[in-house]
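A short worksheet on the structure shown next.
Please treat every number below as a calculation from the coordinates, not as lab data. These numbers come from a predicted model, not from an experiment. FYI the Cβ positions are ideal-geometry reconstructions off the backbone, even for glycines, and counts take in every protein chain you see.
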Amino acid sequence: MSKTIMWFRKDLRLDDNTAFNKMLEDSHDTEELICLFQLNPLQFLEDSYNHDAFFYTLSTFYEHAKTNNIELHFLYGNVEEKFAELKNAFQDWNTVYFNKDERGFGRERDQIMTTFFEKNQIQVCSFQDSHIHGVEEIKKPTGESYKVFTPYFRKWLTMPKRMYQRTTKNDRSFKKLKHPLFDEGKKHFNQIVEKIELPFDYECGEVAAEAYLKEFIKSHLHNYQKGRDYPFSNQTSKLSRFLRTGELSIRKVWYALNAEPDSDGRQTFISELCWRDFYNMIYFENPKQKTQEIKEKYRQLQWSYNRESFERWKEGKTGFPIVDAGMRQLNQTGWMHNRLRMIVASFLTKDLMIDWRMGEEYFQQKLIDYDAASNIGGWQWAASTGTDAVPYFRIFNPTTQSEKFDPHGEFIRQFIPELKDVPNKYIHEPSKMPAELQNAINVSMGEDYPDPIVDHSKIRSEILAFFKTASS
């Protein structure tokens, strides 16, 4: 009996899983179907929310698969070595299905493994599953890739979209195979899961993902254009973490949106899905962008590496309430509102002039929805070093951003309890409170809450000079 392997990665669902569906469609009763997840220590980011959230999701998927009569097996170690051992163990293994990664570490791994499979006469069936459009699908008429979002978006809207395909109930038997390789892999998987420590509730899995999608469309979609910028209103979709792990099909999201009547909110959310594809393409075109500025002229910028300032930014102790509330939300929940991601990234790179890579790496550790392409793209946008980035002379004013998007300080008070009794008049700039008012509400600026770490009013001239030296 020949063996076929379904190699799961960041596609932790059974419904509308392109590779899984195709395997079921292509297989016949004489084939033995094996579902597999490869644990590669090179990809672990231990002691991070990112790591723990992913493996908690993987453990949920493992249990979900079992309820569908599917046993998920594990390999642990160097990917090429372990698959070579697997081929030696199962000489009748002749086909592998997987949803490919199009950029970063995953792309390099897939290139190496495709060569390995072909050398070992294993047929490769790989598919683009994670995005609405793949990295090479949207091109200029000249065949070149886009560097600016707006024309990319216009072209993206005209392109036909792949259909959502609900996976039919599986009546195939995915047997549990006994083998030392799988025993070792399961042992390591259990050890990883036992060490998970998330200091917050974390819902995950296909069922939770679909519930979040339905609730967002029902309650928030059509007001999304206005509501998305206000962190206290809780009107963002919260779908990014489900898309990151593949618990939710991007095609299911697309067709759910298109079943709704048109509105500004719907159009705005569709543009966000396109940004996701755009940044995925940009990472493909600029494979060094995690460590290198996309704009070559800014690769010699002399960024600051002030550890004290960086630590205060990380801890939410800069003296700018909206920045600090955003960072504390990240540290406490593993997530941060998108408007705040822009504000805190701008503050780190423009007000403190600290290397954007330090901020990107910290987000990688803390975000439960970390997606390399979107996160790196967002940081290079804020630092004005990326493609279609904010111009370097546009600098977010944290105080005016706070006044505009948290006018009554509700979000600030939620995450900075030291300021809970500060009147609205001073909530955005508490350092300006008169001493008698500080005494009256029993809070001391500079002690209970820090004074501003930097004078924002002087930043503009400094940042202009900073970037002009790189441009000259």
(message) For a quick check: with amide H placed at 1.01 Å from N, whose amide H comes under 5 Å from residue 6's, ignoring anything fewer than 5 positions away on the same chain?
(response) 34, 35, 36, 97
(message) Apply the Karplus curve 6.51 cos²θ - 1.76 cosθ + 1.60, θ = phi - 60°, to the phi angles in segment 56-63 and return the couplings in whole Hz, x for Gly and Pro.
(response) 5, 5, 4, 5, 5, 5, 4, 5
(request) Sticking with the crude label model, points 7 Å out along Cα→Cβ, report the distance from residue 275 to residue 255 in nm, one decimal please. (result) 2.7 nm
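Any chance you could run the full-extension gain for residue 315 through residue 400? It's 0.36 nm times the residue separation minus the Cα-Cα distance, nm to one decimal.
Answer, rounded to one decimal: 28.4 nm.
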(request) Set the Förster distance to 25 Å, then compute FRET efficiency between residue 124 and residue 71 from the Cβ-Cβ distance, nearest 0.05. (result) 0.65
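How long are the semi-axes of the ellipsoid equivalent to segment 296-471, from square roots of 5 times the Cα gyration tensor eigenvalues, in whole Å, largest first?
The three semi-axes for segment 296-471 are 28, 18, 13 Å.
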(message) Can you tell me, using C-alpha contacts under 8 Å and at least 6 residues apart, the relative contact order of the chain as a whole percent?
(response) 16 percent
(message) Can you give me the C-alpha center-to-center distance between segment 430-469 and segment 32-77, rounded to a whole angstrom?
(response) 46 Å
(request) Subtract the Cα-Cα distance of residue 451 and residue 410 from 0.36 nm times their separation in residues, and report this length gain in nm to one decimal. (result) 12.7 nm
(request) Averaging sequence separations of C-alpha pairs under 8 Å and six or more residues apart, then dividing by the length of segment 178-250, give the relative contact order as a whole percent. (result) 29 percent
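Measure up 238/366; 66/186; 82/187; 295/366; 139/161; 22/214 against 18 Å on the Cα-Cα distance and list the ones that go over. Don't skip to the answer; put the middle values down first.
Working: 238/366 16 Å; 66/186 14 Å; 82/187 15 Å; 295/366 27 Å; 139/161 15 Å; 22/214 27 Å.
From the list (238/366; 66/186; 82/187; 295/366; 139/161; 22/214), the Cα-Cα distance tops 18 Å for 295/366; 22/214.
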(request) Using label points projected 7 Å from each Cα along Cα→Cβ, tell me how many nm separate residue 365 and residue 431, to one decimal. (result) 2.6 nm
(request) Could you run the Karplus curve 6.51 cos²θ - 1.76 cosθ + 1.60 with θ = phi - 60° over segment 365-374 and give me ³J(HN,Hα) per residue in whole Hz, x for Gly and Pro? (result) 6, 9, 6, 7, 10, 4, 10, 4, 4, 5
(message) Which one, 391, 332, 189, projects farthest toward the positive side of the charge dipole computed for the chain from Cβ point charges (K/R +1, D/E -1)?
(response) 391
(request) Could you run the Karplus curve 6.51 cos²θ - 1.76 cosθ + 1.60 with θ = phi - 60° over segment 135-142 and give me ³J(HN,Hα) per residue in whole Hz, x for Gly and Pro? (result) 5, 10, 8, 9, 10, 5, x, 7
(message) Helix-only estimate, please: 222 nm mean residue ellipticity of the chain, summing -39500 (n - 2.57) across DSSP H runs of length 4 or more and dividing by its residues, to the nearest 500.
(response) -14000 deg cm²/dmol
(request) Give me the distance in nm between label points sitting 7 Å out from Cα along the Cα-to-Cβ direction at residue 28 and residue 198, one decimal. (result) 4.3 nm
(message) Once you keep just the Cα pairs under 8 angstrom separated by 6 or more residues, what percentage relative contact order results for segment 1-111?
(response) 41 percent
(request) Using a/c under 1.5 as the rounded threshold, could you call segment 109-174 rounded, prolate or oblate? The axes a ≥ b ≥ c are square roots of the C-alpha gyration tensor eigenvalues, and prolate needs a/b larger than b/c, oblate otherwise. (result) oblate
